[in-house]
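A.B. asks: Right, I'll just put the structure down here and ask away after.
The values are calculated or read from the model by the stated rules, or taken from the named source; none is laboratory data. As the structure is a prediction and not an experimental result, all values here were calculated from the model. No Cβ is skipped: glycine too gets one built from the backbone with ideal geometry, and neighbour counts run over all protein chains shown.
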Amino acid sequence: MRLAVGLSGGADSVALLCALAEQSGELGLVLHAAHLHHGLRGAEADADLEFCRRLAAKLSLPFHEARVDTAAEAQRAPKSPSGDSVENIPADSIEGTARRLRYSWFRQLLSEVPLDAIATAHTLDDQAETVLAKFLRGAWTEGLSGIYPKLETPEGGPIVRPLLRTTRAEIEAWLHARKQPWREDSTNRHLTFTRNRIRHELLPQLATWNPQLREHLAQMAELARDEEAWWRAEIDRLAQQVIVRGRPVRGGGRATTGADGIALDLVRLIAEPVAVQRRLLRHAAAQLGAAPDFTATEALLSLARSGKGGQKLELAHGLHAERTHREIRLTCGPASPVTGSALKLERYECVIPGEVTAPQFGCRIRIVLAGPSQPANAPQNEPLKAVLRPWKPGDRVHLRHSSGPRKIKEVLERMKVTGVDRVHWPVLDVGGRILWMRGAELEPDPAIRISVEPITP
């Protein structure tokens, strides 16, 4: 078997490569090493490449290397992250772009070298961090599946993760026992990255409550994967009974010519338990390229159970639902400028320094000046005001570590915020610049400090 190890130079990938090299004969492996230089971190990344090159030569292994300009790529048109994204990060952020480029190169190696598989060194700690990150994001149960041990690719060969049951501490102890050095990525200590904050702050704090937390999170991922596999087969079976194609015609039968969208038989849908109903509705929406969130799915459930025909519902991303007496029909089309509830949310204002309490947004925000200097956009001879309001089309934000401003619409799409929540998503506008947005890390203004606490609406 021709297997390449994705070698970053860090402890995990070094241990995986060395362990497989020791056992390659008995395992029947033709081992390769593969290192992608992301064009970041300057001399430090150059040293990583040289370290990996020398390690492969020491082990007498073929070495594959390539260079990409991650920062430049991140400035281009947004693209979806490939494979099973393990972080809640925008695809065109530095982190998301680096991962997308890495997996794209892996797929290229699979087809061009060629290789039978590529191994990455994700560990039990990575799994725990991933599950916790997805839980905090509000993922559905399938999101708790975390990192899959095996990721199939269109090129034929899979990407495998053989260290998912091994902890980072066990790996470093193994390397120390063999006096095998590795490289440390300095950015792994930067707490501006969500994953690093989970790794260095949140997980250690939670572990004081339960020292076995990482193992339990990894076990949760394994349980979720097995249950999702069962659910997929079950929903595929039930969908054949509940989902119908075409439109009903007078006299019986259905017309499929020119019919758009997809319909669900209401009698059969409502006869199922609510857990099955949700999954069938999301399964049908997925066939139209939509992914309704919890709020949107509950709205679809309410529409299905209403008992009234002729009702219509418009959700995010152009997903439309129409209820007849016998079925609920889903279609995708252009989205209206405003989607969801007609609830009029208030604007909350305060002079800085000051505080706004916003029951409709469920939060209290304090804004103070961080030093003697004034914000760059502060008005002359009048107080600086902050406005907490729903976002509006055209609003842009500066995400941390992003190359430029991003439309809030695009950020919400990548955060998978849909339905009524999407329409009413709150932002804090200070002098015409948005300095806070729920669920996103924005580039701070050094002259202003913002603190947010939840309140009961």
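A.B. asks: Regarding segment 140-149, can at least one residue be identified that is exposed (fewer than 15 other Cβ atoms within 10 Å of the Cβ), in a helix (DSSP H, G or I) and either assigned by TED's automatic domain parsing to the domain that holds L20 or at pLDDT 85 or above (or both)? Lay out the reasoning, then the answer.
C.D. replies: To start, the set of residues in segment 140-149 that are exposed (fewer than 15 other Cβ atoms within 10 Å of the Cβ) comprises 141.
From what's left, in a helix (DSSP H, G or I): 141.
The next check asks that each one be either assigned by TED's automatic domain parsing to the domain that holds L20 or at pLDDT 85 or above (or both); those that pass are 141.
Yes: segment 140-149 contains one or more residues that are exposed (fewer than 15 other Cβ atoms within 10 Å of the Cβ), in a helix (DSSP H, G or I) and either assigned by TED's automatic domain parsing to the domain that holds L20 or at pLDDT 85 or above (or both).
A.B. asks: Quick check on my filter: what residues within segment 259-303 are free of Cβ contacts under 8 Å to residues at least 12 places away in the same chain, aliphatic (A, V, I, L, M) and farther than 13 Å from C332 by Cβ?
C.D. replies: A271, A275
A.B. asks: Does segment 398-432 hold any residues that are more than 29 Å from H320 (Cα to Cα) and crowded, with 18+ Cβ neighbours inside 10 Å, and which are they?
C.D. replies: L399, S402, L428, D429, V430, G431 - these are the residues of segment 398-432 that are more than 29 Å from H320 (Cα to Cα) and crowded, with 18+ Cβ neighbours inside 10 Å.
A.B. asks: Given the options A45, A56, A71, name the one that is surrounded by 14 or more Cβ atoms within 10 Å (Cβ to Cβ), assigned to a helix (DSSP H, G or I), assigned by TED's automatic domain parsing to the domain that holds G10 and without any contact (Cβ under 8 Å) to a residue 24 or more places away in the chain. Explain how you work it out, then say what you get.
C.D. replies: Numbers: A56 fails: without any contact (Cβ under 8 Å) to a residue 24 or more places away in the chain; A71 fails: without any contact (Cβ under 8 Å) to a residue 24 or more places away in the chain.
Matching residue, one of A45, A56, A71: A45.
A.B. asks: Assess whether S85 counts as being out of contact with any helix residue (DSSP H, G or I) (no Cβ under 6 Å at 6 or more places or on another chain), modelled with pLDDT under 85 and under 29 Å from A128 (Cβ atoms). Break it down stepwise before answering.
C.D. replies: Details: out of contact with any helix residue (DSSP H, G or I) (no Cβ under 6 Å at 6 or more places or on another chain): yes; modelled with pLDDT under 85: yes; under 29 Å from A128 (Cβ atoms): yes.
Here the answer is yes, as S85 does meet what is asked.
A.B. asks: Checking R278 against (1) more than 18 Å from R422 (Cβ to Cβ); (2) surrounded by fewer than 18 Cβ atoms within 10 Å (Cβ to Cβ); (3) not hydrophobic (A, V, I, L, M, F, W, C): exactly one of these is not met. Which one?
C.D. replies: (2)
A.B. asks: Look at segment 168-204 and say how many of its residues are assigned to a loop (DSSP other than H, G, I, E, B) and crowded, with 17+ Cβ neighbours inside 10 Å.
C.D. replies: The number of residues fulfilling the criteria is 3.
The rows are residues; the columns are (1) among the hydroxyl-bearing types (S, T, Y); (2) more than 26 Å from the chain's Cα centre (by Cα); (3) modelled with pLDDT of 90 or more.
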| site | (1), (2), (3) |
| --- | --- |
| A271 | no, yes, yes |
| T297 | yes, no, no |
| G310 | no, yes, no |
| L319 | no, no, no |
| T331 | yes, no, no |
| S336 | yes, no, no |
